[in-house]
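Take a look at the structure below.
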Amino acid sequence: MYSSVELKQKQELAEKLKLTHREKLYIKSLTDKCNGIGAKWMWSNLRDMLSVFNPTLVLAADIHDCDYELGGTEEDREIADNAFLSNALKLANHKYGWYNPLRYRVRKQAFKFYSLLRVFGKFAFKYRNK
């Protein structure tokens, strides 16, 4: 869970970059479920480590947590995963200039996490009939 100051900073950056699904960062019942990178069922130490080593992608993961908490259909899960990738790439490009090799490392990580989401995300997504 984030402090009100941390959440405000996340909201401001999400607005500045026009991240997909950023409006969900204003719903407290959703943001209370944000846990950085990794599923709730993962060891908290592993989630913490993933977040520490991939700080640029944490905001994309937080928005993705909100999407997964809202749940829905398999189509909604695909939309959420695609939004994660789009947001992660925007964050990487914002943080690092085109000339900085870290930009491409973060983008590569984003694609790895996206691939993992597509395979294993079904275990964390809250499926609901519409």
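Worth a mention:
- In the stretch 7-36, the residues that are open to solvent by 30 Å² or more (accessible area, probe 1.4 Å) reach residues that are among the acidic types (Asp, Glu) with C-beta atoms within less than 7 angstrom, at least six apart or across chains, in these pairs: Lys10/Asp62; His21/Asp67; Arg22/Glu15; Lys24/Asp67; Lys33/Asp65; Lys33/Glu69; Asn35/Asp65.
- Test: residue in the stretch 82-91 that is over 15 Å from Asp65 (Cβ atoms) and more than 13 Å from the chain's Cα centre (by Cα): no
- Checked against the criterion of being free of Cβ contacts under 8 Å to residues at least 12 places away in the same chain and either in contact with an Asp or Glu (Cβ under 7 Å, 6 or more places away or on another chain) or open to solvent by less than 60 Å² (accessible area, probe 1.4 Å) (or both), the candidates Ser51, Ser3, Ser86 yield just one match: Ser3.
- Among (1) assigned to a loop (DSSP other than H, G, I, E, B); (2) more than 24 Å from Met42 (Cα to Cα) - the single one Phe125 does not satisfy: (2)
Residues checked against (1) among the polar types (S, T, N, Q); (2) more than 17 Å from Lys24 (Cα to Cα):
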site: Ser44; (1), (2): yes, yes
site: Ala61; (1), (2): no, no
site: Tyr68; (1), (2): no, no
site: Asp76; (1), (2): no, no
site: Lys95; (1), (2): no, yes
site: Leu116; (1), (2): no, yes
site: Lys126; (1), (2): no, no
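- Residue within the stretch 56-64 that is open to solvent by 20 Å² or more (accessible area, probe 1.4 Å), out of contact with any helix residue (DSSP H, G or I) (no Cβ under 6 Å at 6 or more places or on another chain) and not hydroxyl-bearing (Ser, Thr, Tyr) present: no
- Contacts under 8 angstrom Cβ, first residue in the stretch 89-111 being in a loop (DSSP other than H, G, I, E, B), partner open to solvent by 60 Å² or more (accessible area, probe 1.4 Å) and modelled with pLDDT of 95 or more, 6 or more apart: Tyr96/Leu102
- None of Arg77, Arg128 is open to solvent by less than 40 Å² (accessible area, probe 1.4 Å), in contact with a strand residue (DSSP E or B) (Cβ under 9 Å, 6 or more places away or on another chain) and not aliphatic (A, V, I, L, M) except Arg77.
The values are calculated or read from the model by the stated rules, or taken from the named source; none is laboratory data. What you see is a predicted model; the values in this text were computed from it and never measured. We place every Cβ from the backbone using ideal geometry, glycine too, and count neighbours over all the protein chains shown. Side chains included, ligands, DNA and RNA excluded: accessible areas come from the protein's heavy atoms. Shrake-Rupley method; radii C 1.70, N 1.55, O 1.52, S 1.80 Å.
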